[in-house]
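The values are calculated or read from the model by the stated rules, or taken from the named source; none is laboratory data. Quick caveat, the model's predicted, so the values are computed rather than measured. Note that we place each Cβ from the backbone using ideal geometry, even for glycine, and neighbour counts take in every protein chain shown. Side chains included, ligands, DNA and RNA excluded: accessible areas come from the protein's heavy atoms. Shrake-Rupley method; radii C 1.70, N 1.55, O 1.52, S 1.80 Å.
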Amino acid sequence: LDPNSGAYTVTQNAAIDHPDGLDENNVSFTVAYNVTDGDKDTAPGSIVINVDDDTPTVGENDMVQLDDDALGGNPGGTGDDADAVNDSGTLAHSFGADGGSIAYDSAGAAASEGGFTFVDGQNKSLLINQGTTTVVTLTLDPNSGAYTVTQNAAIDHSDGLDENNVPFNVDYYVTDGD
């Protein structure tokens, strides 16, 4: 505070613990003050400081591509794909100022065909099973969003149609620290 001009500066020194849930839970503080003139007359006043609760965000991620050829399939076949593209990286996200964590959503949509299910694995991993066989394992560092995707077994694809790629949409959620 500059006592001559009344100019002030507000500095946030640390993250504020906002109420849980409901996304933007802004917190307001009212600071009372008195202005005193040269002959000691006073006038009260107040200023409201609003602290924005930045919510976590997610962004677009590169598509991961795996190919059964890496497990002894038919390398160089018609319409062949690369064996592993973007099979590790960091999920696009921002926790905001509060820190937070990331987790896979095992209730997310599995592939539209082939009898696939998503199962929570150990250490924040996600398993994609086809029947009783784990065909893909996704690991995740909940603090940084770093992930790896490993194909554990060949996928039982539909007959014909060359490569017969099977897309999976894997959802994740970001939770901020407050």
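Data table
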| read-out | value |
| --- | --- |
| Pair Asp156, Thr90: separation of 7 Å Cα→Cβ label points (nm) | 4.0 nm |
| For the chain: accessible area per residue (Å², 1.4 Å) | 64 Å² |
| Cα-only radius of gyration and Dmax that characterise the chain, units Å | 26.5, 95 |
| R0 of 30 Å, Cβ-Cβ distance Asp171-Ile16: FRET efficiency to nearest 0.05 | 0.55 |
| In nm, spacing of pseudo-spin labels at Asn123 and Glu60 (7 Å Cα→C-beta vector) | 3.3 nm |
| Per DSSP, loop chymotrypsin sites (Phe, Trp or Tyr not before Pro) in segment 3-57 with at most 14 further Cβ within 10 Å | Tyr8 |
| Dipole magnitude of the chain, debye to nearest 20 (Cβ charges: Lys/Arg +1, Asp/Glu -1, about Cα centre) | 520 debye |
| With every protein chain in place, the chain: carbon and sulfur % of accessible area (1.4 Å) | 48 percent |
